[in-house]
Amino acid sequence: MSRSDLLLSIVCLLLYAGNAAAKQADYVDVGRTSNQNFGNWAIGDGAQVTTQVLCTASANYDNVYSYPPPVVTPPAVHENYQFKVTTLAIPSGYYLYLNGDDTNTGNARIAVQFEHQDTKEPASFETLVDDTYDSHVHNGQFRNCRDGDNSELRMTLSAAELQKAQAGSYSANFRVGAIGGSSGTAVSTNDFSASITVGSAAQVSGLDNIALGLWSGPGDLTSTETFCVYSNTVGATYNITITSPNQDASSNFFLANAGLTATIPYQLQFKDDLVPGGDVT
């Protein structure tokens, strides 16, 4: 055998070995999703948002390729995929549940919003619906996403939902899923959990300034102001403390003119509208 024939045989052997190593497959794989622990939340902290970028692969080969891929037969190509998130709770919809109990409703659960986008495409985030694939058809990567992770998942707990929630620990389990591959019907899933702890809180709201108006005598001037005292702890009791810079050492209240040269004493009384009985001075 001549030198040229030997080299040609080696090249042919290498090409054969390369083709033999290529694993043609109806392949889709959604990357491992990290558990999302939002930690402790208190009134005033606002909305809570996390994002994570996953590798979602969809191709006609189960190989770790970069783009452009090596020459194989048939040619290795990226395939389309769609993405979804499904709650693993019995009720449908995205919620975190107080103490992880999915029978809870009302202010014992917190609504969650999931959004998804493919970072390799110009499209923006799409809001997801429970157990429903997104409407965008994305172009997947080869296995292990050597060209960069591509599937971004954003999870949001709104401030309004958190503010109305009871104090306590909330959690739920979810499943991400992708459908694609060369058939368009290959499926891959991965489970993750999410949790947050809502701290105990008390809040006063709806309290306005009190205008007594013009006094022309005789008799007392009176005015009533209603406001809300809120607690996110079920069955919690509360106490009211009222202080003023216009208050003497014996805690008596008084109105003062601009120069603090004249004062008028007044009396404050408080009553919980949900409790029978008279006012408390």
- Task: Look through SER216, SER188 and report the one residue that is within 30 Å of GLN82 (Cβ to Cβ) and out of contact with any Pro (no Cβ under 6 Å at 6 or more places or on another chain).
- Result: SER188
- Please tell me if ILE10 is open to solvent by 40 Å² or more (accessible area, probe 1.4 Å), at pLDDT below 95 and either in contact with a strand residue (DSSP E or B) (Cβ under 7 Å, 6 or more places away or on another chain) or in a loop (DSSP other than H, G, I, E, B) (or both). no
- Search region 209-238 for residues being closer than 24 Å to LEU162 by Cα and free of Cβ contacts under 8 Å to residues at least 12 places away in the same chain, and hand back the single one that is most open to solvent (accessible area, probe 1.4 Å). THR237
- Task: Could you tell me whether region 112-122 includes any residue that is surrounded by fewer than 20 Cβ atoms within 10 Å (Cβ to Cβ), in contact with a helix residue (DSSP H, G or I) (Cβ under 6 Å, 6 or more places away or on another chain) and not in a loop (DSSP other than H, G, I, E, B)?
- Result: no
- Can you find even one residue in region 185-208 that is within 30 Å of LYS164 (Cβ to Cβ) and touching an Asp or Glu at 6+ places or on another chain (Cβ under 8 Å)? yes
- Query: Any chance region 112-121 includes a residue that's under 30 Å from ALA236 (Cβ atoms) and of a type outside the set (A, V, I, L, M)?
  - Reply: yes
- Is it true that some residue in region 152-162 is assigned to a strand (DSSP E or B), open to solvent by less than 40 Å² (accessible area, probe 1.4 Å) and touching a Lys or Arg at 6+ places or on another chain (Cβ under 6 Å)? no
- Message: Looking only at region 179-211, filter to residues that are among the β-branched types (Val, Ile, Thr) and assigned to a loop (DSSP other than H, G, I, E, B); which one of those is farthest from ASN35 (Cα to Cα)?
- Response: ILE210
- Query: at negative phi and in contact with a strand residue (DSSP E or B) (Cβ under 7 Å, 6 or more places away or on another chain): does that describe ASP101?
  - Reply: no
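The values are calculated or read from the model by the stated rules, or taken from the named source; none is laboratory data. As the structure is a prediction and not an experimental result, all values here were calculated from the model. Neighbour counts run over all protein chains shown; Cβ positions are idealised from the backbone, glycine included. Side chains included, ligands, DNA and RNA excluded: accessible areas come from the protein's heavy atoms. Shrake-Rupley method; radii C 1.70, N 1.55, O 1.52, S 1.80 Å.
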